[in-house]
Amino acid sequence: MQRILLCLFACLAVAFAAEARDRRAFVVGVESYAELPTLDTTVRDARALEAVLRSDLGFDHVTYDPGTSLLDFKLAFGAFIESIEPGDDVVFYFSGHGWSDGFENYLAFGDARKSAPQATLRLTTLNLTKEVLDMIAGQEPGALVLIIDACRNNPFSGVTKSLTKGLVRIPEREGTLIAFAAGQGQEALARLPGEEGPQLSLFSRELLPRLKDARKPLARILEDTRKSVQSIASAVPHEQRPAVYSELPLDYCFSRNCVSAFDEEDTYWLQVSAANETVAACAGYARYLERYPQGKYAGRALLESKQPACTNDPASEFIPDAPNAACTALQAVVYFDFDRTNLNASSLDVLDALLRPDPACRVEAITISGHDASAYVIEDVAASPSYSMAVSQRRASTVRDYLVSQGADASRIITEAFGAAKLAVNVQGKEPLNRRVEITVLRQTFQQ
């Protein structure tokens, strides 16, 4: 009996520990720079977020850092990393100057040198992926949320071959949500024209009141924020649409008792808009309008589908059997946007059709081939063939993981990556046709 009770108490302790995860946040607001332009709203934005995390969301541990120097930040951030326990909810927030070389994003602290060569800048500013995202992920948090408000004019643009403004996307990873105050190549507004006196940035003033509701799904909060920021900015007029890259569950919230805020249409729209700012989303907008012609997001879908990027979008396709055909091979092609690896709603429809059961046939093998365009060039910065190969491998892996999640036998799947070695077309302007994954399903007739 005593052993049974001890076992019961142990199980309850484990269950309680799993439920009682800590919430930890690291907040940075950099206002003053020795050599770069001073920023007006960054400290107010960071302090306002800190207050929401503590008072409204009940975060147990919040570290604030003024970002005076990169070394001081690293010392404080290292201690923060060591405090994270597996399963904790973690938020990292940065408001200040940032820049991108077209492949990686970097955050600048108060002691950043304006006139340093680009190679030096990479060492004296903070690599967002390698020195923040990877470091936190290595502690195995239950959920990781990065909110980055550094999408301003690049203060180093005169000495670097880099984007003149904004940051580049970060590939999605499981259990992580990344939100940028503006999309790739866009500048986030610190204030609206004509405004005077202390203000929060446009992104913060639209995000923070919504973020106070701990029971509301974070995906819904950010989708509403994106919509509001885009609408307000367009009236100025200015182009700003926050970018969100997420592999957190759609119903994730900061509370232990989340309230669902999604119906079928909401979920479908979030899948479509996850590929925002890409040609891969264009087919998804069209399918949304077909399914929900008078839907909640019909106006936005129609607007997005008319953007120039959507005029020559290669549509993912499934090649079915001919009528009355035997169990021949099935083929499909799904397309991806520049440097992206996520599947949009159109691609999911194609892959679902590929796996549609046929009682007369059995699957012998599935081959998945990842491909990419011949070069990555952003502001005269070109990537190596090995980078192109890595992108094509990630695309193939994304397709494989989805097929397995839908019931495909992983032992029968073969993935391969070709980078730019097997171009579908070799014509300038048709690069989207090369950013693809080809899938072949070999089948045999069931023996009676």
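The values are calculated or read from the model by the stated rules, or taken from the named source; none is laboratory data. On a predicted model such as this, the values are computed, not experimentally measured, just so you know. With ideal geometry, Cβ positions are generated from the backbone for all residues, glycine too; neighbour counts draw on all protein chains shown.
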Legend entry - Extreme residue, surrounded by the fewest Cβ atoms within 10 Å (Cβ to Cβ), among residues of region 184-201 that are closer than 21 Å to Val52 by Cα and of a type in the set (S, T, N, Q): Gln199
Legend entry - Residue check for Phe109: touching a Gly at 6+ places or on another chain (Cβ under 7 Å), crowded, with 20+ Cβ neighbours inside 10 Å and assigned to a helix (DSSP H, G or I): no
Inset, instruction - Within region 44-72, track down each residue that is in contact (Cβ under 8 Å) with a residue 24 or more places away in the chain, under 26 Å from Arg205 (Cβ atoms) and in a helix (DSSP H, G or I). - result: Arg44, Asp45, Ala46, Ala48, Leu49, Glu50, Val52, Leu53, Asp56
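Per-residue answers, yes or no, for (1) within 15 Å of Asp101 (Cβ to Cβ); (2) at pLDDT 95 or above:
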site: Ala116; (1), (2): yes, no
site: Glu131; (1), (2): yes, yes
site: Ala143; (1), (2): no, yes
site: Asn153; (1), (2): no, no
site: Phe156; (1), (2): yes, no
Inset, instruction - Can you give me the ranges of the strands (runs of 3 or more DSSP E) entirely in region 317-380 with at least 2 residues that are touching a Pro at 6+ places or on another chain (Cβ under 9 Å) and at pLDDT 85 or above? - result: 330-335
Legend entry - Those residues of region 73-96 which are in a helix (DSSP H, G or I), of a type in the set (Gly, Ala, Ser) and within 14 Å of Gln139 (Cβ to Cβ), in sequence order: Gly78, Ala79, Ser83
Legend entry - Of all residues in region 226-243 being buried (at least 23 other Cβ atoms within 10 Å of the Cβ) and under 21 Å from Gly29 (Cβ atoms), the one that is modelled with the highest pLDDT: Val229
Inset, instruction - Can you work out which of the residues in region 202-220 that are crowded, with 22+ Cβ neighbours inside 10 Å and modelled with pLDDT under 95 is nearest to the chain's Cα centre (by Cα)? - result: Ala219
Inset, instruction - Output the residues belonging to region 265-288 that are out of contact with any Phe, Trp or Tyr (no Cβ under 9 Å at 6 or more places or on another chain), over 17 Å from Val350 (Cα atoms) and at pLDDT 70 or above. - result: Thr267
